[in-house]
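Below is one structure, written out as structure tokens; the observations come after it.
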Amino acid sequence: MTTLPANTTDDADAQARLLAEAEAFAREALAHDSSGHDFAHIERVRRVALAIAQAEGADPFICELAALLHDIADYKIAGDEATGLARVRGWLEARAADATTTARVMEIIATMSFAGGQRPAMTTLEGQIVQDADRLDAIGAIGVARAFAFGGAKGRALYDPAQPPREQMSVQAYRTQQAPTINHFYEKLLLLKDRLNTRYARQLAERRHQFMLAFLDQFYAEWDGRS
Ligand code: ADP
Ligand code: NI
């Protein structure tokens with residue numbers, strides 16, 4: 001793990017101001033999103049990231065700031081990654097965030113929004129935490145709700161026994177497929193608990209994962225008229 005120099009925006013007031021501005025920026029940037037990245041998602045990621053940061057002894061300011069800004073550079077919102085990243089960097093520089101803070105936050109966001117199939121590993125604890133918080137928001141009860149909201153927005157079926165989930169998929173196939181929403185559990189959501197970086201996130205994921213398994217059991221039982 002790379003150790004970046006300590007954050008130097010160490011004035012509590014300056015940090016609070018920057019966080020408030022980042023919140024307004026994210027709220028505005030994501031106001032019209034229908035891809036599952038609305039501002040409520042950002043607030044949940046922020047809360048869970050702070051909880052993990054406390055449990056793991058990480059820098060809460062960097063975690064909170066990166067959580068607030070993490071989806072602005074997403075290709076679904078920015079159009080493409082490079083444009084999105086430049087927008088966030090410009091925003092940080094315009095607010096005179098110190099160079100260390102800007103570098104630490106940009107590194108996290110760039111790694112998170114990496115659109116290629118194999119994403120590079122997070123190199124800092126703060127990055128690992130924000131990534132874990134984002135992944136946790138895709139599983140559990142919230143994850144179930146988001147998956148069906150996403151599927152509904154795309155006009156997809158809930159379930160179709162004739163279309164089994166696929167194990168290997170190209171990025172292109174993943175983005176363009178019209179598979180039923182239940183398949184998404186096998187293609188992504190049930191795999192997430194083993195892709196977490198931190199111990200505390202793995203602890204939180206356990207209950208969320210069990211909830212999804214119970215949900216699927218009940219779903220099939222009702223589908224078949226057994227329950
Ligand atoms: P990320 O940008 O973190 O990779 P996505 O954009 O893939 O996340 O997903 C945003 C939300 O929409 C998540 O909750 C995810 O589970 C859900 N989602 C993404 N793709 C699908 C899909 N094919 N079917 C159902 N839900 C999906
Ligand atoms: Ni996100």
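The values are calculated or read from the model by the stated rules, or taken from the named source; none is laboratory data. Given the structure is predicted, the values throughout are model-derived calculations rather than measurements. Please note: Cβ atoms are built from the backbone with ideal geometry, for glycine as well, and neighbour counts cover all protein chains shown. Keep in mind that these areas ignore ligands, DNA and RNA; they rest on the heavy atoms of the full protein, side chains included. Shrake-Rupley method; radii C 1.70, N 1.55, O 1.52, S 1.80 Å.
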### Query
With each label point set 7 Å from Cα along the Cα-Cβ vector, what nm distance links ALA82 and ASP160?
3.7
### Nearest-10 value in Å² for the accessible area of LYS154, using the 1.4 Å probe
100
### Summary
Over the chain, the sum of -39500 (n - 2.57) across DSSP H runs of at least four, divided by residue number and rounded to 500 deg cm²/dmol, gives at 222 nm -20000 deg cm²/dmol
### Query
Say a paramagnetic label sat at a point 7 Å from the Cα of ARG44, along Cα to Cβ; which residues of the stretch 186-205 have their backbone N under 20 Å from it?
186-198, 200-205
### Message
Using only the alpha-carbon atoms, how far is helix 12-29 inclined from the longest principal axis of the chain? Give it as 0 to 90 degrees, nearest 10.
### Response
40
### Summary
Tilt, helix 99-112 to longest principal axis of the chain (alpha-carbon atoms), in degrees rounded to tens, equals 10
#### Entry: Angle in degrees between helix 199-223 and the longest Cα principal axis of the chain, rounded to the nearest 10
20
### Query
So, in nm, how far is label ALA149 from label ASP98 when the simple model puts each one 7 Å beyond its Cα toward the Cβ?
3.7
### Query
In nm, to one decimal, how far is the ASP33 label point from the ARG207 one, both placed 7 Å along Cα→Cβ?
2.5
### Query
For TRP223, TRP91, what's the largest-to-smallest order of accessible area, 1.4 Å probe?
TRP223, TRP91
### Task
Based solely on C-alpha atoms, express the radius of gyration and the Dmax of the chain in angstrom.
18.4, 61
